[in-house]
Each structure stands twice: as structure tokens, then as C-alpha cells.
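Notes for the one structure printed next.
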Amino acid sequence: DPACGSGHMLTYAFDLLYAIYEEEGYTPSQIPGLILTNNLYGTEIDPRAGALAAFALTMKAAAKRKLFLKDTVDPNVCVLEPISFSADELSYLVTEDGDRQAEEAFWNQFAEADTFGSLIQPDPALTARLKDHLAALGDEGDLFRADALGLAQRVVRQAEYLLGRYAAVVANPPYMGAASMGAKLVEFATRGYPQSKNDLFAMFIERNLELAA
């Protein structure tokens, strides 16, 4: 669910998946962990709603398996965090032989994540390349650089979430006509979703088709 809110659709899907696993002969002790590890993914822009979604799924699992809380599996709920970098930070995040403009755009693609959410479309090849580059970087004892590298790792994680191809995408997407959108969202919609820019829900429908395998 690319706009999961507090997880209503994910918790319903948990019950459905539990029944499927039972029919396939899995034991009750196995099923909750398997569902949370392999089957349910949610993305959200509101931290409180995302925390509630993760909590609701954890409680679903605990209700099915009493010992689950002693050996928990973290639900796959990603709250997209706004992240941006200064010019100085970008100077050591970009590669020496890459497209500097494209790489800087990659690192700052989540600057408005709390507005654009799952509509952000990371570049797959660039994500893989910069993930490898990031793994080779060290903070050299600099606390500020260490903080920036930590945020960069978060950018990669968020990008990977939005690159996933899922068997099914289910959502109650936000509805908002272009007349109610702020200037940044209008610009983002015009650039990234020219066919569906007139309403946020239509943009999500287009995006969901990309997320679905």
C-alpha cells in the first residue's frame, strides 16, 4: 500500500494471507513472521500514521502467535522522511566520474518527501550505483560527515522501497484536484505525471501501475 495511513488495508490483508498460508499447510507459529517478512509492504508520509500501521501489524501477529513479541519481526512499513543535503555534503556524496547533476538530484530527491510521497520515482541504475559508492565511503572521524552518511543511507533505503515491484498494489490514494495543489506539487506533477496531473488520485493510479509486477 503506497499510501498506507494507519494500516487498515494492510491489517485486512494480513487476515487474508493468514488464511492462504493455513490452506497451504503452514503451521500457526510460522505464519505471522512469514507474512510480515515476505508479503506486506506499506509506505506513508505521516510518521504517526506509519507508526500506527507498524503497531497494528505487530498486534495482528501477536494475536495469532502468543510468543511473537519475544521474537518479533519488524513490519515493512517505510515512512518517507524529507532529506536534503548542503552543497558541502553533496561534494563527498557524488562520484568523481558520474553525472554530477543527476547524482545531486538523486541525493535530494526526498527533500519534499512529506508532500510527494510514493509518487517519487527513483532511478534504478543510479540507486544501485550510488548504494555501492556509499558503502565505500567513511566518515574519517568527522561527526557531521557521519550524520550526512547516515542520512544518505536512509535515502537509498527509501529509494529501494519505491523501486519494488509488487504482486499486488492496493491503496485508497489521496484525492486532490490541481486547483488545490501548492506550487511545488503542481510543478512536480507537471514534470513527472503529465497525463494524470489534474488530480492526485490519478497520479497515484499511474504510479501504482508502475509498482505492480
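The value of relative contact order for the chain, using C-alpha pairs under 8 Å at least six residues apart, is 20 percent.
Taking the longest Cα principal axis of the chain as reference, the axis of helix 8-23 is set at about 50 degrees. Principal-axis analysis of the Cα atoms of the chain puts helix 200-211 at an angle of about 80° to the longest axis. Taking the square roots of 5 times each eigenvalue of the Cα gyration tensor of the stretch 1-126, largest first, gives ellipsoid semi-axes of 37, 15, 13 Å. Each of Gly98, Val73, Tyr12 was placed along the dipole of the chain (beta-carbon charges, centred on the mean Cα), and the one lying farthest toward the positive end is Tyr12. Dipole magnitude for the stretch 135-212: about 280 debye, using +1 per Lys or Arg Cβ and -1 per Asp or Glu Cβ, origin at the Cα centre.
Relative to the longest principal axis of the Cα atoms of the chain, the long axis of helix 124-135 makes an angle of roughly 80 degrees. Our coupling estimate for the stretch 51-62, obtained by passing each phi through the Karplus curve with A = 6.51, B = -1.76, C = 1.60 and θ = phi - 60°, is 5, 5, 4, 5, 5, 4, 5, 4, 5, 4, 5, 5 Hz, Gly and Pro reported as x.
Taking the Cα centre of the chain as reference, the dipole from Cβ charges on Lys and Arg (+1) and Asp and Glu (-1) amounts to some 800 debye.
Per residue, the convex hull spanned by the Cα atoms of the stretch 65-126 measures out at 156 cubic angstrom. Round to the nearest 0.05 the FRET efficiency obtained for Asp139 and Thr72 when R0 = 35 Å and r is the Cβ-Cβ distance. After rounding to 0.05, the efficiency reads 0.70.
Listed by chain and number, the lysines whose alpha-carbon sits under 22 Å from that of Lys60, ignoring those within fewer than 8 places in the same chain, are Lys70. Relative to the Cα centre, the charge distribution of the stretch 96-171, modelled as +1 at Lys and Arg Cβ and -1 at Asp and Glu Cβ, gives a dipole magnitude of about 420 debye. With N as its number of residues, the chain has a Cα radius of gyration that, divided by 2.2 N^0.38 Å, comes to 1.13.
Values in this text are rule-based calculations from the coordinates and carry no lab data. Nothing here was measured: the structure is a model prediction, and the numbers come from that model. Here Cβ is always computed from backbone atoms with ideal geometry, including for glycine, and neighbour counts include all displayed protein chains.
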